[in-house]
Amino acid sequence: MTAGTRNALLGATGIALFLVLWETVGQLKLAGISWPPLSAVLEMLTDEGRRPLFQRALVATLEETAQGYLWGTTAGLALAALAHLVPPLRRGSDRLAAVLNSVPSIALGPIFLVLLSRDSTPAAVSSIHVFFIVFVSMGSGLERATPAHRDLFAVLGADRLKRFRRLELPAALPALASGLRLAWPAALIGAIIGEWFGASRGIGILIINAMQNFQIVLLWCAVLLAVGASLVFYGLLTLLERAAYARFG
Amino acid sequence: MAGGGASITIDRASKRFALAGSSEGVLALTDLSLEIAPGEFVAILGPSGCGKSTLLRLVASLEQPSGGSVSIGGAAPGLVSARHALGVAFQDHALLPWLSIHDNIALPFRIAGRRVDEAAIARLIELVGLGRFETARPRQLSGGMRQRASIARALVLEPEVLLLDEPFGALDAVTRRQMNVELQRIWSERRITTLLITHSVDEALFLADRVVVMSGRPGRIVREVVVPFARPRAPAVMRSEEFHHLVDDLTAALEAPEPEPSPSTGGEAIGSGTA
Ligand SMILES: Nc1ncnc2c1ncn2[C@@H]1O[C@H](COP(=O)(O)OP(=O)(O)O)[C@@H](O)[C@H]1O
Ligand SMILES: [Mg+2]
């Protein structure tokens, strides 16, 4: 308890220091005009007139991210389970995942653009990011069951499906939860990159517009929105992960 | 007294494990023969690494013999395990941490695809003294309680054969003795063919109908003693002179220097435990 409180205090102090530093560097123009003070950014972010703009961008990006997250998770889980249950598929699926992961998402964008519509490209890029993380974490999670538990299931005469459902799947949940936590920021980045290939709205579009028009403060607003969207869900998923470790770890 | 369960026949079984960097591998067991009658309780004693667990794993069909054969009631152990007729408890309790004690004990029904017999579970939970802990998770229990749950799980399908590999090996001496008394009581109610691996001479003598001593690796049988005490056995048995006498006898056999490697000696002295 005390260690936890101390950690929280230390964390809060660190963040506060960082924000103060940001403000000071901005006020004194120590890093030139591309580093505005925090107060200026917050002022624009909370400006009534701009609220619809930010809201639309945030909602669009969150929708794409959620879609990509869902698709990627579903595909990652399905392929990991299939590869686990049908060993001959394991080699091939590992390769496929490795190849997908080694192609930079910037290079995937144009391909999706050709295959899909402009507006589904962000979710598609996002889902590729998520797919890889979920596939790998679930795949390793399914190997987590202890030898003693495997022996027990073998002696009790469990077939492969029973072993999967009653042993390997539950034992995989903590690793999967860690993967799901890490996959959220990756999903968000995927969606933003995907937007650069011509989506009609989103945080990524906001970033591009701000850059092209040299609206530095607006650019920072977009960055803060992205960081916020990332951290909120990351925090929630951390709670899920803790619960998974407490129950299944 | 005729008991329940199937016979176990181990016929000149040997087991060689492959070992990286060695063409011979490890010879864990050689030419070991042992016959266990239906309803008989046999305890195996032997120095660490002599192949006791390997022997049990052969009977559990977790390993295949390199030579010779193992059968349960005339059938291959793999077939017996496939029809969910083996009960097992290891030194590691191997309870699933995400299931309650009740659900852990119900697990064999679910694995076998049978209807969960709540009455049988309740009776067993009562029998092993975990009545108030049905809904607890394994990590909330003490080591002794976890082992009791694991023994209840081993018994819940009324197996033909019960295999116990040092189930109390990780417990302190007092808890262990208490568990021995309980296991004796539980076993006396069912009399399932049982193979118990243990380090403890007291435990072997208190629980078993017959005690088998194995030599150092590769494991062979060097001594067999038929335990003369009537059942049910009270803990007082352990204080009798005869008990002490047998303990000394078996301890001496355990500590004996390696016998000369003559492959013809399967079991030398049988039934020396006469009163
Ligand atoms: N899977 C295995 N691979 C290689 N060697 C093994 C394996 N299992 C057991 N052994 C070896 O076989 C011997 C007997 O092991 P074990 O049956 O576990 O002994 P015990 O239970 O009597 O202590 C040991 O020397 C051990 O190292
Ligand atoms: Mg052992």
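The values are calculated or read from the model by the stated rules, or taken from the named source; none is laboratory data. This structure is a prediction, so every number in the text was calculated from the model and none was measured. Note: ideal-geometry Cβ built from the backbone for every residue, glycine included; neighbour counts use all protein chains shown. All accessible areas refer to the heavy atoms of the entire protein, side chains included, with ligands and DNA or RNA removed. Shrake-Rupley method; radii C 1.70, N 1.55, O 1.52, S 1.80 Å.
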- Note on the structure: Any residue on another chain or 5+ positions along whose placed amide H is under 5 Å from the amide H of residue B:25 is listed here as B:19
- Taking every pair of alpha-carbon atoms in chain A, give the share separated by more than 34 Å as a whole percent. 32
- Taking amide H positions as placed 1.01 Å from N in the peptide plane, with prolines and chain starts having none, which residues 5 or more places from residue B:227, or on another chain, fall under 5 Å of its amide H? B:210, B:211
- Message: Show me, for region B:199-214, the HN-Hα J-couplings you get by feeding each phi into the Karplus relation (A = 6.51, B = -1.76, C = 1.60, θ = phi - 60°), rounded to Hz, glycine and proline as x.
- Response: 9, 9, 5, 4, 4, 4, 5, 5, 9, 8, 7, 8, 10, 10, 9, 9
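Could you check how much of the accessible area of region A:35-248 is carbon and sulfur, as a whole percent, using a 1.4 Å probe? Walk me through the numbers on the way to the answer.
Values: 7040 of 10350 Å².
The computed percentage sits at 68.
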- Message: Please give the Cα centre distance for region A:187-203 versus region A:97-127, rounded to the nearest Å.
- Response: 11
- Item | Between 0 and 90°, nearest 10: helix A:169-195 axis offset from chain A longest Cα axis | 30
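Rank these residues by their accessible area, most exposed first, probe 1.4 Å: A:18, A:248.
Values: A:18 120, A:248 50 Å².
Final ranking, largest accessible area leading: A:18, A:248.
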- Report, ordered by chain and residue number, the lysines lying within cross-link reach of residue B:15, taken as a straight Cα distance under 18 Å and ignoring same-chain residues fewer than 8 apart. B:52
- Calculate, axis by axis, the spread of Cα positions in the protein assembly as shown along the three principal axes, and write the results as whole Å, longest axis first. 102, 49, 46
- Counting DSSP beta bridges in the protein assembly as shown, what percent are antiparallel, to the nearest 5? 50
- Task: Excluding residue B:30 itself, calculate the net charge of residues whose Cβ lies under 10 Å from the Cβ of residue B:30, where each Lys or Arg counts +1 and each Asp or Glu counts -1.
- Result: +4
- Message: Ignoring trypsin sites (Lys or Arg not before Pro) that are buried or in helix or strand per DSSP, and keeping those with at most 16 other beta carbon atoms within 10 Å, what is the longest stretch of chain B between them?
- Response: B:116-275
- For every other residue with a beta carbon closer than 12 angstrom to the beta carbon of residue B:75, add +1 if it is Lys or Arg and -1 if Asp or Glu, then tell me the sum. 0
- Per GNM of chain B with C-alpha springs under 10 angstrom, the most fluctuating residue out of B:142, B:71, B:81 is B:142
- Query: If the cut-off is a Cα-Cα distance under 19 Å, which aspartates and glutamates reach residue A:162, setting aside same-chain residues fewer than 8 apart in sequence?
  - Reply: A:143, A:151, B:103, B:117
- Residue-by-residue Karplus 3J(HN,Hα) for region B:80-94, coefficients 6.51, -1.76, 1.60, Hz, glycine and proline x: 5, 5, 5, 9, 6, 10, 10, x, 9, 9, 10, 4, 7, 4, 6
- Query: Against the longest alpha carbon principal axis of chain B, how many degrees, from 0 to 90 and to the nearest 10, is the axis of helix B:173-190 turned?
  - Reply: 80
- Using a Förster distance of 30 Å, how high is the FRET efficiency between residue B:188 and residue B:251, based on the Cβ-Cβ distance and rounded to 0.05? 0.70
- Item | Solvent-accessible area buried by pairing B with A, both sides, nearest 100 square angstrom, 1.4 angstrom probe | 2000
- Query: Can you tell me the accessible area per residue over region A:1-75, all protein chains present, probe 1.4 angstrom, in square angstrom?
  - Reply: 68
- Query: When averaged across all projection directions, what area in nm² does the alpha-carbon convex hull of chain B cover?
  - Reply: 15.2
